[in-house]
1. Testing the spin-label approximation: label points 7 Å from Cα along Cα→Cβ at Ile151 and Asn41. State their distance in nm.
2. Mind giving me the nanometre distance, one decimal, between the label points for Arg95 and Glu109, set 7 Å out from Cα along Cα→Cβ?
3. Over what distance in Å are the Cα centres of the stretch 121-151 and the stretch 66-109 separated?
4. State the answer as a single residue: which of Tyr121, Ala144, His79 lies farthest towards the positive end of the charge dipole of the stretch 34-150, with beta carbon charges of +1 for Lys and Arg and -1 for Asp and Glu, about the Cα centre.
5. What FRET efficiency comes out for the pair Ala138/Ser82, r = Cβ-Cβ distance, R0 = 25 Å, nearest 0.05?
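None of the figures in this text is laboratory data; all of them are computed from the coordinates on show. Bear in mind that the values here come from a model prediction, so they are computed numbers and not experimental data. Glycine gets a Cβ as well: all are built from the backbone with ideal geometry, and neighbour counts include every protein chain shown.
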Amino acid sequence: MEQEVNNPQSKLSGAFDEPTFAGKVAKEKNSRKKKAAPEVNILLEAVVHGMSEIKAKDIVIMDLRSVGNAMADYFVVCHGGSNTQVQAIADSVERETTKLADEKPLHVEGVRNAAWILMDYVDIVVHIFDKDSRTFYALEELWADAVMTRIAE
């Protein structure tokens, strides 16, 4: 008499057919075309303006175009004094990018706890931290090869 062998592959055969969330975001990101330099500059200005409107602290534009394996051309980093301010900065950035550059983020993460909100605009990734999270993650140190531009407050 033959025994049925439990084949783990058969149980998993369809489990990975559905694209993952990261896969969906990557596919959407790849479907969006890179913007021309003037459009990116308008979007950068809109991001910085949105941050400045809510008194974001220590705004830094990190130019990653010359850094290998960077997932965006720019990071724009800042922090707020409280989770409420972090959320208000993110709301302001989205409002200003929509108004001034006719752009909405492809994806936003971190809104629930507002310690680190990430806004993905394909060419530009916006990082809005609370002060402790910014110190802990130290993006400016991690991406030290980038050209850094500090925006005066």
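1. According to this spin-label approximation, the distance is 1.6 nm.
2. It is 2.6 nm.
3. Here the answer is 11 Å between Cα centres.
4. With unit charges placed on the Cβ atoms, the residue in question is His79.
5. Rounded to the nearest 0.05, the efficiency is 0.75.
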